[in-house]
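Only one structure is covered here, and it is reproduced in the block below.
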Amino acid sequence: MLQHNQPTIQTNILEVRDRIMAWLMQENWRIGQLTAPDAQWILTAEDPASRKIVIGQKAGTTDQIVIQGGVGVVDPVRNQINALSRIERQKFIIEMGLQLMQVGVEYAGLDEEPIGNITVAQRIYYDGLTKDAFLQRVSLVRNGVQVVLFNIAKRFGQEPPPQDRIGFRTPNP
């Protein structure tokens, strides 16, 4: 039996977007909206600590929301990664990938040459969409971003970038 507060597949996608916006605003997130041809809707969200994520529903999906975060690897760090031997670079990437899997997020961009954007994501479906479940997935995505930042800082002896430089920079939910 469906609970009253859970949307069904027939729920208007904009009602779902509005519900997600309300939940984030209740938690003091700043919300923006973007458009893209391959998305039904896209939200940008920034938490009180200035960490950014992107939330959206792809065109053609009827019941799936994607929550993404990421790190744009800046040129000095990219150069340091590329300066590692092939074996050391593989070890670094494998260790980070394993840590991201332990956090429970999907990831992309670790196997690109050269590394550019490293993204982490979680999906949630309408039948499981509650405020609690949604915000838990948001936390997993933020933790995944932190894993990337801490691995880079640990390996290359750098402090993580300022909070305003953390987050996913392109709208591809």
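The values are calculated or read from the model by the stated rules, or taken from the named source; none is laboratory data. Bear in mind that the values here come from a model prediction, so they are computed numbers and not experimental data. Cβ atoms come from the backbone with ideal geometry, glycine included; neighbour counts cover every protein chain shown.
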Does G72 satisfy being touching a strand residue (DSSP E or B) at 6+ places or on another chain (Cβ under 9 Å), surrounded by fewer than 15 Cβ atoms within 10 Å (Cβ to Cβ), modelled with pLDDT under 95 and among the small types (G, A, S)? no
Counted residues, the stretch 75-105 - those being of a type in the set (A, V, I, L, M) and surrounded by 14 or more Cβ atoms within 10 Å (Cβ to Cβ): 8
When you scan the stretch 23-32, how many residues do you find that are surrounded by 12 or more Cβ atoms within 10 Å (Cβ to Cβ) and closer than 20 Å to L129 by Cα? 6
For the list (1) more than 12 Å from the chain's Cα centre (by Cα); (2) more than 20 Å from Q136 (Cβ to Cβ); (3) modelled with pLDDT of 90 or more, I need the number of the one condition that T11 fails. (3)
What number of residues within the stretch 10-52 satisfy the criterion of being assigned to a strand (DSSP E or B), touching a residue at least 12 places away in the same chain (Cβ under 8 Å) and not charged (D, E, K, R)? 10
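Evaluate the stretch 75-83: report whether one residue or more is touching a Leu at 6+ places or on another chain (Cβ under 9 Å) and at pLDDT 90 or above.
To start, the set of residues in the stretch 75-83 that are touching a Leu at 6+ places or on another chain (Cβ under 9 Å) comprises none.
No, the stretch 75-83 contains no residue that is touching a Leu at 6+ places or on another chain (Cβ under 9 Å) and at pLDDT 90 or above.
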Criterion: of a type outside the set (S, T, N, Q) and more than 23 Å from R30 (Cα to Cα) - qualifying residue of G56, G97, G72: G97
Regarding the stretch 37-45, can at least one residue be identified that is farther than 24 Å from L149 by Cβ, of a type outside the set (A, V, I, L, M) and surrounded by 13 or more Cβ atoms within 10 Å (Cβ to Cβ)? yes
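Pick from the stretch 97-119 the residues that are under 16 Å from L140 (Cβ atoms) and assigned to a loop (DSSP other than H, G, I, E, B): which of them is farthest from the chain's Cα centre (by Cα)?
G104
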